[in-house]
Amino acid sequence: MRTIKALQAITGTLSAPGKMEGCSTNINAKACKTGGFLRTIEGSTCAKCYACKGRYSFQNVQDAMDNRLNKRKENMSQWVYAMAELITKKSPVVFRWHDSGDIQNVAHLRQILAVVLLTPDTNHWLPTREYSMVDRLTDTEKAIAKTFVRLSAPMIGGKENNTGSTNPKLNRLMDKFNALAAEGFKTSTVGDDDTGFQCPAILNHTSCSEEDCRACYDDNEINVNYPQH
């Protein structure tokens, strides 16, 4: 078995989101594809991106995120096995993908799928707005992805909200999001107080561990809603 230091030389270090149990891995939110577009849209769930400010803007954090992004591309198959081993050692119960950033391409998503298959005892959660990348998976891959992918709604206010936009790119995103949700992918929303599980950690200014909550990872929670803040 390899040491944690040896594994991190291949994958970069893991991150530790403050509100959540277990570890995560993050990359620079400025590398987000769909998120970069949504940051320009008023009322989108990315317009006030938390991962573009605060501690994420510190140079040492930026360097660590960029290192993780580069490590994944250096040796893709080696990264898969090293990440699976690192998760088993450091975060064997639950693992969140990307407390900052998002999947970069379909190859990246398939790497994550491979890691999930190599760590069957870990409960994974991947929030993403890269609906087209998810849609390009095969039917077999989608069946696996449905166990841990949770589609993040593009607009504040619920699954159907596009604020009557005339922006064709935004409307295409909404259509793809809703189509994948209709296929059975789990979702999350912001500011939709009437739909799905209401996140108590954000409501009560506590942590997931304090609330004893793993709803974001739960296959039975079709939609998790986070209050607008």
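In region 11-30, what residues are among the polar types (S, T, N, Q), over 14 Å from the mean Cα position of the chain (by Cα) and part of a loop (DSSP other than H, G, I, E, B)? Full working, then the answer.
So in region 11-30, the residues among the polar types (S, T, N, Q) come out as 11, 13, 15, 24-26, 28.
From what is left, the residues that are over 14 Å from the mean Cα position of the chain (by Cα) are 11, 13.
Residue satisfying the conditions is Thr13 alone.
Got at least one residue in region 184-192 being on the phi > 0 side of the Ramachandran plot and modelled with pLDDT under 95?
Yes: region 184-192 contains one or more residues that are on the phi > 0 side of the Ramachandran plot and modelled with pLDDT under 95.
For region 90-99, does any single residue satisfy the condition of being among the charged types (D, E, K, R) and either open to solvent by less than 10 Å² (accessible area, probe 1.4 Å) or farther than 25 Å from Pro154 by Cα (or both)? Write out each step before concluding.
Going residue by residue through region 90-99, those that are among the charged types (D, E, K, R) are 90, 96, 99.
From what is left, the residues that are either open to solvent by less than 10 Å² (accessible area, probe 1.4 Å) or farther than 25 Å from Pro154 by Cα (or both) are 90, 99.
The answer is yes, given that some residue of region 90-99 is among the charged types (D, E, K, R) and either open to solvent by less than 10 Å² (accessible area, probe 1.4 Å) or farther than 25 Å from Pro154 by Cα (or both).
I'd like to check something: does region 72-83 contain any residue that is within 23 Å of Ala215 (Cβ to Cβ), touching a Ser or Thr at 6+ places or on another chain (Cβ under 7 Å) and hydrophobic (A, V, I, L, M, F, W, C)?
Kept after step one, since they are within 23 Å of Ala215 (Cβ to Cβ), are these residues of region 72-83: none.
Among the residues of region 72-83, not one is within 23 Å of Ala215 (Cβ to Cβ), touching a Ser or Thr at 6+ places or on another chain (Cβ under 7 Å) and hydrophobic (A, V, I, L, M, F, W, C), which makes the answer no.
Return yes or no: is Leu170 modelled with pLDDT under 95, open to solvent by 80 Å² or more (accessible area, probe 1.4 Å) and of a type in the set (A, V, I, L, M, F, W, C)? Give the derivation first.
Numbers: modelled with pLDDT under 95: yes; open to solvent by 80 Å² or more (accessible area, probe 1.4 Å): no; of a type in the set (A, V, I, L, M, F, W, C): yes.
Here the answer is no, as Leu170 does not meet what is asked.
With region 31-133 as the region, which helices (runs of 4 or more DSSP H) entirely inside it contain at least 3 residues that are closer than 23 Å to Asn225 by Cα?
Of the helices (runs of 4 or more DSSP H) lying wholly inside region 31-133, those with at least 3 residues that are closer than 23 Å to Asn225 by Cα span 34-38.
Looking at (1) buried (at least 16 other Cβ atoms within 10 Å of the Cβ); (2) over 18 Å from Pro127 (Cβ atoms); (3) hydrophobic (A, V, I, L, M, F, W, C), which is the only condition Phe58 fails?
Condition (1) is where Phe58 drops out.
The values are calculated or read from the model by the stated rules, or taken from the named source; none is laboratory data. Predicted model only: the values in this text are computed from it and were never measured. Cβ: placed from backbone, ideal geometry, glycine included. Neighbour counts: every protein chain shown. SASA here: full protein model, heavy atoms, side chains in, ligands and nucleic acids out. Shrake-Rupley method; radii C 1.70, N 1.55, O 1.52, S 1.80 Å.
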